[in-house]
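K.L.:
Structure provided below as structure tokens; questions to follow.
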């Protein structure tokens, strides 16, 4: 069944979606404006695949900015960007066929 | 293969799916980390960009946390005295009926000091949009009790919680103005999760579109957090808001196209 997501219960993915091998996978990436990020952490629970976490380092204002801790899992769904109060996240997405 | 696709292949202009709108300026907002004001500002800016009305929009901000909104939105803005934004917006809209006019008010402003202006502007049915940010507290001045503070909710002037015998009941301003014949569209939204942000954006868009119809006033209440005033972390304050604010201020449409939802 090419291109049809398979739903399985035991999958740890939040939306229980497994993609078959021939499916075009969305591959995403976010760019965080470190200096404008205030480290409010609202993007962290908003991410369905658990990509984002706060950095150990701080920016010039002393905030722990958010970054992609797990970049391979990002699907470019833009959830983090649309909840960000300061609009610091830019999202890119590309369809990758496997 | 997917494994060979690095971040550099994805981060390219042709793959861009979301970027901060150019209607927002590059200034860093003065709001506390995690404040819902920033999200509400961005949604208004995105709607203005989508409708291509950047040169035809006038915003009115009175006193409150959003008093410096003119720094962040690249549109014409007018400052108003505390609570008097609907009156100023009325004048602007009547003088320039082709412009899109909105006010952006907090709950201490719209529901306390500006109650008279709000109710009369709604009752007259002015063709403006009011964006009402409700966080149940006077955020800017240090977390004092507002008319919208929930019963039992602690604030700096009600340290043992709001007591109904001494301080009265919280005011449901949005339900109140929905009863008035002048309002055309009244809704309550929130900006704490991606789904609620998408819904709130649709409501803001609707409020701007309604100004073309000239049928009456549109009021969008956005229930927001005030993590500094509530003395919580941003994520905890959003959870607290969903658990405690939503039972009293349920999100959803209250009046659509001049008719109360759920009543024929």
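The values are calculated or read from the model by the stated rules, or taken from the named source; none is laboratory data. It should be emphasised that the depicted structure is a prediction, and the values quoted were computed from it without experimental measurement. Using ideal geometry, Cβ is built from the backbone for each residue, glycine included, and neighbour counts are taken over all protein chains shown.
K.L.:
Condition test on residue B:200, is it surrounded by 22 or more Cβ atoms within 10 Å (Cβ to Cβ), assigned to a helix (DSSP H, G or I) and within 20 Å of the chain's Cα centre (by Cα)? Walk me through how you get there before you give the answer.
P.N.:
Values: surrounded by 22 or more Cβ atoms within 10 Å (Cβ to Cβ): yes; assigned to a helix (DSSP H, G or I): yes; within 20 Å of the chain's Cα centre (by Cα): yes.
Considered against the rule, which asks whether it is surrounded by 22 or more Cβ atoms within 10 Å (Cβ to Cβ), assigned to a helix (DSSP H, G or I) and within 20 Å of the chain's Cα centre (by Cα), residue B:200 comes out as yes.
K.L.:
Cβ-Cβ distance below 6 Å, separation of 6 or more or different chains: which pairs start in segment B:203-214 with a residue that is within 13 Å of residue B:53 (Cβ to Cβ) and end on one that is part of a loop (DSSP other than H, G, I, E, B) and at pLDDT 90 or above?
P.N.:
Pairs that qualify, where the first residue is within 13 Å of residue B:53 (Cβ to Cβ) and the partner is part of a loop (DSSP other than H, G, I, E, B) and at pLDDT 90 or above, are B:211/B:127.
K.L.:
Taking segment A:88-98 on its own, how many of its residues are at pLDDT 90 or above and either assigned to a loop (DSSP other than H, G, I, E, B) or on the phi > 0 side of the Ramachandran plot (or both)?
P.N.:
1
For (1) over 24 Å from residue B:200 (Cα atoms); (2) crowded, with 23+ Cβ neighbours inside 10 Å, each residue gets a yes or a no:
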site	(1), (2)
A:25	yes, no
A:49	no, no
A:55	yes, no
A:67	yes, no
A:83	no, yes
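K.L.:
(1) within 11 Å of another protein chain (Cβ to nearest Cβ); (2) closer than 22 Å to residue B:217 by Cβ; (3) without any contact (Cβ under 8 Å) to a residue 24 or more places away in the chain: which one isn't true of residue B:45, the others all being true?
P.N.:
All conditions pass for residue B:45, except number (3).
K.L.:
With respect to the numbered conditions (1) within 14 Å of chain A (Cβ to nearest Cβ); (2) surrounded by 18 or more Cβ atoms within 10 Å (Cβ to Cβ); (3) touching a helix residue (DSSP H, G or I) at 6+ places or on another chain (Cβ under 8 Å), which one is the sole condition not fulfilled by residue B:183?
P.N.:
If we test residue B:183 against (1) within 14 Å of chain A (Cβ to nearest Cβ); (2) surrounded by 18 or more Cβ atoms within 10 Å (Cβ to Cβ); (3) touching a helix residue (DSSP H, G or I) at 6+ places or on another chain (Cβ under 8 Å), just (1) comes out false.
K.L.:
Would you mention how many residues in segment A:23-67 are touching a helix residue (DSSP H, G or I) at 6+ places or on another chain (Cβ under 8 Å) and not in a helix (DSSP H, G or I)?
P.N.:
Within segment A:23-67, the subset touching a helix residue (DSSP H, G or I) at 6+ places or on another chain (Cβ under 8 Å) is A:25, A:27-30, A:40-54, A:66.
Okay, now just the ones that are also not in a helix (DSSP H, G or I), so A:25, A:27-30, A:40-42, A:47-54, A:66.
Residues in segment A:23-67 being touching a helix residue (DSSP H, G or I) at 6+ places or on another chain (Cβ under 8 Å) and not in a helix (DSSP H, G or I): 17 in total.
K.L.:
Would you check which residues across segment B:218-241 are within 12 Å of chain A (Cβ to nearest Cβ) and surrounded by fewer than 18 Cβ atoms within 10 Å (Cβ to Cβ) and list them?
P.N.:
B:232, B:233, B:236, B:239
K.L.:
Still on this structure, please answer the following. Of all residues in segment B:9-30 being more than 7 Å from every other protein chain (Cβ to nearest Cβ) and either at pLDDT 90 or above or farther than 17 Å from residue A:26 by Cβ (or both), which is surrounded by the fewest Cβ atoms within 10 Å (Cβ to Cβ)?
P.N.:
B:13
K.L.:
Please enumerate the residues belonging to segment A:69-98 that are more than 7 Å from chain B (Cβ to nearest Cβ) and more than 30 Å from residue B:222 (Cα to Cα).
P.N.:
We begin by selecting, within segment A:69-98, every residue more than 7 Å from chain B (Cβ to nearest Cβ); these are A:69-70, A:72-75, A:77, A:80, A:84, A:88-89, A:95, A:97.
Answer for segment A:69-98, where residues must be more than 7 Å from chain B (Cβ to nearest Cβ) and more than 30 Å from residue B:222 (Cα to Cα): A:69, A:70, A:72, A:73, A:95, A:97.
K.L.:
Ok, one more. I'm told residue B:145 meets every condition in (1) modelled with pLDDT of 90 or more; (2) closer than 24 Å to residue B:101 by Cβ except one. Can you identify the failing condition by its number?
P.N.:
(2)
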